[in-house]
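Student: Attaching a single structure in structure tokens format; questions to follow.
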Amino acid sequence: MNKLWNQVDLSWQWLTASGQWHGEESIPHRLFQHLLYSGAALLFAALIGLALGLLVGHTGRGGFLAVSVANIARAVPTIGLVLLIVTVKYSITPQVIALVALAVPPILVNTFEGVRGVDPETRDAARGMGMSEWGVLWHAELPMALPLILLGLRTSAIQVVATATIVAYPGFGGLGRYIVDGLARNDYQLVVGGTVLVVLLAVAVQLLFAALRRFAVSPGLRGSARSS
Amino acid sequence: MITFEGVTKRYPDGTVALDDVSLECPTGKITVFVGTSGGGKTTALRTINRMVEPTGGRVLIDGRDVRDSRPAELRRGIGYVIQHAGLFPHRTIEDNIATVPYLLRWNKKKARETARELMERVGLDPGMAGRYPFQLSGGQQQRVGVARALAADPPVMLMDEPFSAVDPVVRGELQAEFLRLQAELHKTIVFVTHDIDEAIKLGDRIAVFRTGGKLVQVASPQELLSRPADDFVAGFIGHDRGIRRLSFIPAAEAPLTERDVLTAATPVATARAAGDWVLVVGEDRRPLGWAATGALPADGVLGEARLAPIGHTFTVGTDSVRAALDAAILSPSGRAVGVDGDGRLVGVADQHDLSAAITAAVNAAPEPADTEPADTEPAAVAEPADGLAPVDPVPVDGPEPGEPAPAEPASKDGVPD
């Protein structure tokens with residue numbers, strides 16, 4: 001207990017030190033970098049995952065293939081991917097691509113499952129009333145799959161935010177800088193402080209998605225068993 | 001009018017869901033497709049709005065081939081109701097009902113006003129407009145399903161087992177309300193069910209399908225009961241089709257008498273001179289009960305004696321002989337009590353009277369004289385049962401009320417699993 005308190009105290013001292021809040025090395029700057037990498041990765045992953053997931057879920061074709069590839073991709077160790085890419089080209093863009101590869105599978109799989117899980121009777125009714133295929137997708141499948149889609153996006157977002165720390169390893173910025181530098185210098189105050197920041201960011205992402213869900217998902221779905 | 005001309009649906013695996021079906025569904029009438037599961041009745045319905053594309057023949061609505069219209073546009077002009085309603089869980093009740101108006105780009109206010117009017121029309125409280133489907137009972141959801149199909153006022157409605165997923169009491173209510181609504185709206189309705197009782201209750205015409213997508217008979221309910229085309233149809237209708245036919249003979253055709261009917265003020269002594277049972281009526285001619293003359297008190301008037309309950313009466317103007325016969329069987333005296341719309345006595349009939357009326361009605365109308373227009377089409381369209389199929393005395397079990405229809409795997413086209 002004493003030890004834990006010690007850590008908290010250390011990180012608090014580090015966080016509140018005036019030097020942390022201004023300049024290139026400051027927390028706001030590192031946080032901005034971190035959010036930039038994560039946000040870019042998540043944006044591209046969402047575009048890819050949603051488009052593929054909706055397509056495959058709606059047509060019902062290629063579902064097995066998509067889910068299999070996604071699951072294999074999940075097993076690839078991201079740090080290995082980051083280090084492999086950096087040996088090929090030293091630039092932040094490939095690092096973001098590695099994060100995209102990490103973020104696509106949960107979004108793709110959840111979107112696919114969400115669309116495929118739409119009650120066939122409801123889909124039949126939608127078509128039978130004269131919705132076009134786009135209409136069925138947009139007015140029925142997408143809103144009904146939304147709880148699962150948001151869950152996938154949240155999973156990816158948290159993974160990306162946590163994993164974006166490793167781009168500091170080959171020398172880029174972000175909150176991972178503190179952890180990597182702290183480990184290199186045996187400066188545990190720095191390591192703990194950086195870790196606390198990443199954890200806080202993950203919690204913030206969690207809260208953001210809770211709010212998004214409240215705002216975007218129809219109350220008609222929240223009351224049912226589909227909500228999760 | 002919806003016309004099927006030699007419509008065939010053969011799936012790539014060789015399954016035949018519809019086998020050269022030709023029939024007409026008259027404008028403003030309810031045509032019921034009934035039959036065993038796998039009989040193709042749902043497939044036949046779905047060819048009308050192009051949810052299934054036939055591999056042979058064609059379907060016409062008012063003389064126009066359905067293939068002349070793009071599927072989405074065609075469907076917006078045809079009401080569509082399915083078994084579990086298939087409501088959109090993420091939309092409120094009013095927005096569910098306004099689905100087709102929104103697709104037709106009505107303005108939102110007009111669409112919602114229409115939705116609320118329709119809610120009243122199908123017996124829903126418009127106060128529920130803002131609720132979501134999961135907050136409604138199965139029966140209420142089905143009413144929303146019907147309202148949604150009616151929203152753009154389409155002339156044609158397709159209803160695929162709309163009432164089979166609710167309990168028998170609710171189903172009875174929905175059926176009665178459906179008939180009331182149809183009496184106002186006169187839509188051209190195609191209604192699929194596996195329940196022959198529902199078919200007889202709702203149909204102006206009934207088309208019977210059997211396994212392999214063959215249309216066996218198209219007839220009015222009366223004709224179906226009195227002259228089933230073959231053993232398959234007879235078996236499908238069930239063993240009590242004779243009794244069911246009684247539903248189509250008006251009770252008014254039974255001779256009613258006032259024999260042994262006495263007022264409550266009649267002295268007991270007078271009553272004793274009558275038959276074994278006397279029907280006691282009040283001043284206003286409302287029946288009070290049956291008195292057994294053997295068990296009357298020594299003196300006084302009939303009104304003071306202990307009376308046996310009537311069971312139930314039948315209404316002369318509206319009930320059928322079936323209701324009258326049921327009343328006679330349940331009555332302690334064996335006689336049925338006929339009343340008018342106000343519950344006042346019209347007369348009494350015993351089982352002999354009723355059976356005489358039944359015999360007379362059945363003999364008088366070997367050709368059922370119903371309201372159908374001159375029917376040029378032969379009653380039995382399909383060829384007789386081929387020699388390969390042994391004639392099973394009861395080819396199908398009578399459909400269990402409340403049992404959902406077994407899935408028809410080959411018939412749900414375009415619905416990926």
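The values are calculated or read from the model by the stated rules, or taken from the named source; none is laboratory data. No experiment lies behind these values; they were computed from the predicted model shown. For neighbour counting, all protein chains shown are included, and Cβ atoms are generated from backbone atoms with ideal geometry for every residue, glycine included. To get the accessible areas, we keep the full protein, side chains included, count just its heavy atoms, and leave off ligands, DNA and RNA. Shrake-Rupley method; radii C 1.70, N 1.55, O 1.52, S 1.80 Å.
Student: I need the full set of residues from the range A:95-132 which are open to solvent by less than 30 Å² (accessible area, probe 1.4 Å), within 14 Å of chain B (Cβ to nearest Cβ) and in contact (Cβ under 8 Å) with a residue 12 or more places away in the chain, in order please.
Tutor: A:Phe112, A:Gly114, A:Val115, A:Val118, A:Thr122, A:Arg123, A:Ala126, listed by residue number.
Student: Given the structure, is A:Leu221 in contact with a Ser or Thr (Cβ under 7 Å, 6 or more places away or on another chain), within 14 Å of another protein chain (Cβ to nearest Cβ) and either closer than 22 Å to A:Leu81 by Cα or open to solvent by less than 50 Å² (accessible area, probe 1.4 Å) (or both)?
Tutor: So A:Leu221 fits the description; yes.
Student: Just to be sure I understand the filter: pairs with C-beta atoms under 6 Å, separated by 6 or more residues or on different chains, first member in the range B:280-301 and within 27 Å of B:Thr315 (Cβ to Cβ), second member polar (S, T, N, Q) and open to solvent by 20 Å² or more (accessible area, probe 1.4 Å). Which pairs pass?
Tutor: Correct list of pairs: B:Val281/B:Thr263; B:Trp290/B:Ser333.
Student: Kindly indicate the residue of the range A:136-161 that is under 28 Å from B:Leu158 (Cα atoms) and open to solvent by 10 Å² or more (accessible area, probe 1.4 Å) and also farthest from the chain's Cα centre (by Cα) among those meeting that condition.
Tutor: A:His139
Student: Continuing with the same structure: Condition first: modelled with pLDDT of 90 or more, farther than 20 Å from B:Ala44 by Cβ and either open to solvent by less than 60 Å² (accessible area, probe 1.4 Å) or not in a loop (DSSP other than H, G, I, E, B) (or both). Can you find one or more residues in the range B:185-195 that meet it?
Tutor: Yes - at least one qualifying residue is present in the range B:185-195.
Student: Kindly establish whether B:His186 is touching a residue at least 40 places away in the same chain (Cβ under 8 Å) and under 24 Å from B:Gly28 (Cβ atoms).
Tutor: Considered against the rule, which asks whether it is touching a residue at least 40 places away in the same chain (Cβ under 8 Å) and under 24 Å from B:Gly28 (Cβ atoms), B:His186 comes out as yes.
Student: Next question, about the same structure. Name the pairs: first residue in the range B:306-322 and surrounded by fewer than 15 Cβ atoms within 10 Å (Cβ to Cβ), second residue of a type in the set (A, V, I, L, M, F, W, C) and outside any strand (DSSP E or B), Cβ to Cβ under 8 Å, at least 6 apart or on different chains?
Tutor: B:Arg306/B:Ala295; B:His312/B:Ala327; B:His312/B:Leu330; B:Gly317/B:Ala252
Student: Given the conditions (1) farther than 16 Å from B:His352 by Cβ; (2) part of a helix (DSSP H, G or I), report the number of the one that B:Gly317 does not fulfil.
Tutor: (2)
Student: So, one more: Return only the number of the condition from (1) more than 14 Å from every other protein chain (Cβ to nearest Cβ); (2) open to solvent by 10 Å² or more (accessible area, probe 1.4 Å); (3) in contact with a helix residue (DSSP H, G or I) (Cβ under 9 Å, 6 or more places away or on another chain) that B:Ala165 does not satisfy.
Tutor: (1)
Student: Among the residues of the range A:172-194 satisfying the criterion of being in contact (Cβ under 8 Å) with a residue 60 or more places away in the chain and either outside any helix (DSSP H, G or I) or among the β-branched types (Val, Ile, Thr) (or both), which is farthest from A:Ile92 (Cα to Cα)?
Tutor: A:Val192
Student: Counting only residues that are buried (at least 18 other Cβ atoms within 10 Å of the Cβ) and not in a helix (DSSP H, G or I), which one in the range B:197-212 is modelled with the lowest pLDDT?
Tutor: Among residues in the range B:197-212 that are buried (at least 18 other Cβ atoms within 10 Å of the Cβ) and not in a helix (DSSP H, G or I), the one modelled with the lowest pLDDT is B:Arg210.
Student: With the requirement that a residue be touching a helix residue (DSSP H, G or I) at 6+ places or on another chain (Cβ under 6 Å), at negative phi and not hydrophobic (A, V, I, L, M, F, W, C), what does the range B:16-58 give you?
Tutor: Selection gives B:Asn49, B:Pro54.
Student: Moving on to the next point. Given the conditions (1) surrounded by fewer than 21 Cβ atoms within 10 Å (Cβ to Cβ); (2) part of a helix (DSSP H, G or I); (3) in contact with a Lys or Arg (Cβ under 8 Å, 6 or more places away or on another chain), which single one is not true for A:Val203?
Tutor: A:Val203 satisfies every listed condition except (3).
Student: Do we have A:Ala164 as modelled with pLDDT of 90 or more and surrounded by 23 or more Cβ atoms within 10 Å (Cβ to Cβ) here?
Tutor: no
Student: Tell me the helices (runs of 4 or more DSSP H) entirely within the range B:1-118 that contain at least 2 residues that are open to solvent by 10 Å² or more (accessible area, probe 1.4 Å) and either closer than 20 Å to B:Gln141 by Cβ or not β-branched (Val, Ile, Thr) (or both).
Tutor: Helices (runs of 4 or more DSSP H) meeting the threshold: B:71-76, B:93-97, B:99-103.
Student: Another one. List pairs: first residue in the range B:88-99 and facing chain A (nearest Cβ under 7 Å), second residue in a helix (DSSP H, G or I) and open to solvent by 20 Å² or more (accessible area, probe 1.4 Å) anywhere in the structure, Cβ distance under 7 angstrom, at least six positions apart or on different chains.
Tutor: Matching pairs, first to second residue: B:Pro89/B:Phe134; B:His90/A:Pro143.
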